[in-house]
Amino acid sequence: MFSADTYIKRRKELIKILNNKGLLLIAGNNEVPVNYPGNIYRFRQDSNFLYFIGIDLPGLTATINTETGETILYGNDNTVEDSVWTGNVPKLKDWAEQSGFQKVRSFSKLEPDLNNTSQIHYLPPYPHDRKILLSEIFKKTIPEIDAGYSVDFIKAVVKLRSIKTKEEVSQIEDALNRATSKFHIAAMKMALPGEYEFRIAGHIESTMLKNKCTPAYGIICSVRGEILHNVNYNNSLKAGQMLLIDAGAENELHYASDITRTTPVGGKFSEKQKAVYEIVLEALNSSISKIKPGITYRQIHLEAAKIIANGLINIGLMKGNCEEIVNAGAHALFFPHGLGHMLGLDVHDMEDLGEDYVGYNNDITRIDQFGTAYLRLGRSLEKGFVLTVEPGIYFIPQLIKKWKNEQKFKHFINYNKIDDYLDLGGIRIEDNVLVTSESNQVLGTPIPKSVNDIESLF
Ligand code: GLY
Ligand code: MN
């Protein structure tokens, strides 16, 4: 945990924004069973709970009274019988003290206390057990609970969590340096013919555990990099393929990292691989160079899409004018996702609160077009944001086949040339970037990304 002062300060800031708005309810997560109640998934505390309270234990809920400033932690101490299985766990009052909480009450008091309160705000519940708890407390159906979250509360949390303090940036760098930079470099060197994806993924996950970290999301480690969220590791690596690894650790305080590198199997780029890789690298470097307060991430995304379209024109896969290609959305055949997202306690930071509240506002709304519609962060950047930059080019057989059959954007796409590139799979390069007062800083120990630096690893 950070010191109690950090959590007290965060709660005070929250009260300042939501002054006299009633009672704020911040629910923690519970243990989730895999196949029977006693066999559970690795426990992961709710990130809003981590941010405002910091106690990394299941079975807790907190309230903050914005009128009186009173904070109450609800939960139950372990019994002696529980401790047979868990060992001695500190008493809740000791945890509460570490977070600067004034009062601890038994969990059974939560319902009567809330029933005696008129104005209660809660954040969108995503775990099913939380929906059930709120449904029982408020005597409402689950759809009513789903719809009953507080927009004011969401906006206040987004405002605070979007700006990372120095101590938070250090935590993200800790996740990067303690594990993520190390395993990426080692895993890139493992990209040899005859190696297996599962062995490389195993090395990645074990490096996290050996360094007191856990995966911030499902490790992607595949020669089928065109499958964007591919979490299967069954393939062996063959010469001529590219290995895409998108993996990031979260550290003990649960701050995340999110890095992608793509390496030619055997360590030497073919001319074709190099040509496509250099386009993605240019999109990455050019995007990073533009990051500073005041510029919208949507603009940087669209400019990255133009760099990709222009590069694909140069190698003969697209034709026409890159501005028109991007306006029409034709680039999305090769670059069907957004340039990046916020990063913090969640890998897609605050996504539980609603992507549009996090990444957009009244000035910048989401573009409803295949590809750019998946951009999670569109709004104007501010000092203290930490975000990912992750352009990519993919050859997705089923999407290419569908568009080709429809002759979609045939004025922009050379369908007869694409077949030559289908074995390339997908290339993505991703870094984590802090917005500073004038420009930006790429976080963490550098991980090779130029063609020369990658080839030099072998
Ligand atoms: N690292 C996976 C993603 O950003 O979706
Ligand atoms: Mn990412």
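Before moving on, here are some points about what is shown:
- I393 vs. criteria hydrophobic (A, V, I, L, M, F, W, C), at pLDDT 95 or above and touching a Phe, Trp or Tyr at 6+ places or on another chain (Cβ under 6 Å): yes
- Condition check for P125: modelled with pLDDT under 95, within 23 Å of S47 (Cβ to Cβ) and either not β-branched (V, I, T) or not in a helix (DSSP H, G or I) (or both): no
- In the range 236-255, the residue that is farthest from ligand 1 (Cβ to nearest atom) out of those that are of a type in the set (S, T, N, Q) and surrounded by 17 or more Cβ atoms within 10 Å (Cβ to Cβ) is Q241.
- Residues in the range 332-342 that are in a loop (DSSP other than H, G, I, E, B), over 28 Å from F49 (Cα atoms) and in contact (Cβ under 8 Å) with a residue 60 or more places away in the chain: F334, P336, H337.
- Number of residues in the range 387-402 that are buried (at least 20 other Cβ atoms within 10 Å of the Cβ) and over 29 Å from D174 (Cα atoms): the value is 4.
- Residue that is farthest from P112 (Cα to Cα) [pool: residues in the range 15-33 that are among the aliphatic types (A, V, I, L, M) and within 23 Å of the chain's Cα centre (by Cα)]: V32
- Test: residue in the range 323-340 that is within 16 Å of ligand 1 (Cβ to nearest atom) and polar (S, T, N, Q): no
- Test for G218: is it touching a residue at least 40 places away in the same chain (Cβ under 8 Å), under 23 Å from the mean Cα position of the chain (by Cα), part of a loop (DSSP other than H, G, I, E, B) and within 16 Å of ligand 1 (Cβ to nearest atom): no
- In summary, helices (runs of 4 or more DSSP H) completely within the range 30-110 and bearing 2 or more residues that are of a type in the set (D, E, K, R), at pLDDT below 95 and out of contact with any Ser or Thr (no Cβ under 8 Å at 6 or more places or on another chain) occur at 80-86.
- Picking from residues in the range 374-393 that are outside any loop (DSSP other than H, G, I, E, B), hydrophobic (A, V, I, L, M, F, W, C) and over 30 Å from K272 (Cβ atoms), the one that is farthest from the chain's Cα centre (by Cα) is V386.
- The single condition from (1) in contact (Cβ under 8 Å) with a residue 60 or more places away in the chain; (2) within 30 Å of K155 (Cβ to Cβ) that E351 fails is (1).
- Taking every residue in the range 112-141 that is free of Cβ contacts under 8 Å to residues at least 12 places away in the same chain and pairing it with any residue that is part of a helix (DSSP H, G or I) and among the acidic types (D, E), at least 6 positions away or on another chain, the pairs with Cβ-Cβ distances below 9 Å are S135/E144.
- Qualifying residue in the range 295-303 (condition: in a helix (DSSP H, G or I), without any contact (Cβ under 8 Å) to a residue 12 or more places away in the chain and surrounded by fewer than 16 Cβ atoms within 10 Å (Cβ to Cβ)): yes
- Leading residue by the ranking (nearest to ligand 2 (Cβ to nearest atom)) among those in the range 235-253 that are under 20 Å from A216 (Cβ atoms), part of a loop (DSSP other than H, G, I, E, B) and touching a residue at least 60 places away in the same chain (Cβ under 8 Å): G248
- Residues in the range 406-448 that are within 16 Å of ligand 1 (Cβ to nearest atom) and within 28 Å of C322 (Cα to Cα): G426, I427, R428, I429, E430, D431, N432, V433.
- Candidate set: the range 313-342, residues that are closer than 20 Å to Y421 by Cα and under 28 Å from the mean Cα position of the chain (by Cα); chosen: the one nearest to ligand 2 (Cβ to nearest atom): H337
- Candidate set: the range 343-358, residues that are more than 13 Å from ligand 2 (Cβ to nearest atom) and outside any loop (DSSP other than H, G, I, E, B); chosen: the one farthest from N48 (Cα to Cα): D356
- Count of the range 182-204 residues which are part of a helix (DSSP H, G or I) and of a type in the set (G, A, S): 4
The values are calculated or read from the model by the stated rules, or taken from the named source; none is laboratory data. Keep in mind that this is a model prediction, so the values were computed, not measured. Cβ sites come from the backbone with ideal geometry, for glycine too, and all protein chains shown count toward neighbours.
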